[in-house]
Every structure is written in C-alpha cells, then in structure tokens.
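A short write-up of the structure that comes next.
Any read-out appearing in this document is the output of simple, stated calculations on the displayed coordinates, not a laboratory observation. Because the structure is a prediction, the values reported are computed rather than measured. Cβ atoms come from the backbone with ideal geometry, glycine included; neighbour counts cover every protein chain shown.
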Amino acid sequence: MSMILATAHDMYGTVLAQVGNPTPEAPPISDKILQMVRYLTWFVLLSGIAAITYAGGRFAWEKWTGGGLQSPKMVAGAMLGGAIATSAGTIMNAVVG
C-alpha cells in the first residue's frame, strides 16, 4: 500500500512540475470593447449635462415669460434623469479608467 502511495505522490509532483504558471492574457477584442465603453461613458456624461441644462433653461424660460410651468413633471424628469445619467457616467469612468 505504501508503495502505491509513494508512486502516486511522485507522479503527482512530476505532473505539477510540468504545469507552468500561466501568464494572464487579454481577450482578442478587449481593446475595442474598452474603447466602445469609453465612448458610451462620454455620451452618457454629455447627455446628462445636456438634460440638466435643458431643465434649467426650461425653468428659466417659464419664469422669464411669466407663464406658468406647463410641464413640471417633464422638466423635473429631465433634471432627475440628467443627474442620474451624469452620476452613472462618472461611476463608469471610475470603474473602467
């Protein structure tokens, strides 16, 4: 029995000695995917800033013309959506960068 265990131990050590330490390698198209994610991050940041600017301009226009706020839900939605999109873009930039 001990002879079998010694042989198994020697064979196991030999097999492990032949298996090297593999070096990590990026997938073939990872650079293109990373570039696409960066472009999408910039697009989300810019669209979030545009939404916040639109909502602020809409509030200012309504106040300047003296009219009542025609669509407060739409303006508030644009402001909230812009803030969320800008935050998501910033978080993605931190994760990818």
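Return the FRET efficiency for the residue pair TRP42, ALA76: r is the Cβ-Cβ distance, R0 is 22 Å, and the value is rounded to the nearest 0.05.
On the way: r = 26 Å, r/R0 = 1.16.
Efficiency, from the Cβ-Cβ distance: 0.30.
Between LYS63 and GLN35, what length in nm is gained on full extension when 0.36 nm per residue of separation is reduced by their alpha carbon distance? Intermediate values should be presented prior to the final figure.
Working: separation 28, 0.36 × 28 = 10.08 nm, distance 4.23 nm.
Extra length from LYS63 to GLN35 when fully extended: 5.9 nm.
Give me the percent of Cα-Cα pairs in region 29-96 that sit more than 16 Å apart, rounded to a whole number.
That fraction is 53 percent.
For the peptides 28-39, 50-61, what is the packing order when you average, over each peptide's residues, the other Cβ atoms within 10 Å and list the highest mean first?
50-61, 28-39
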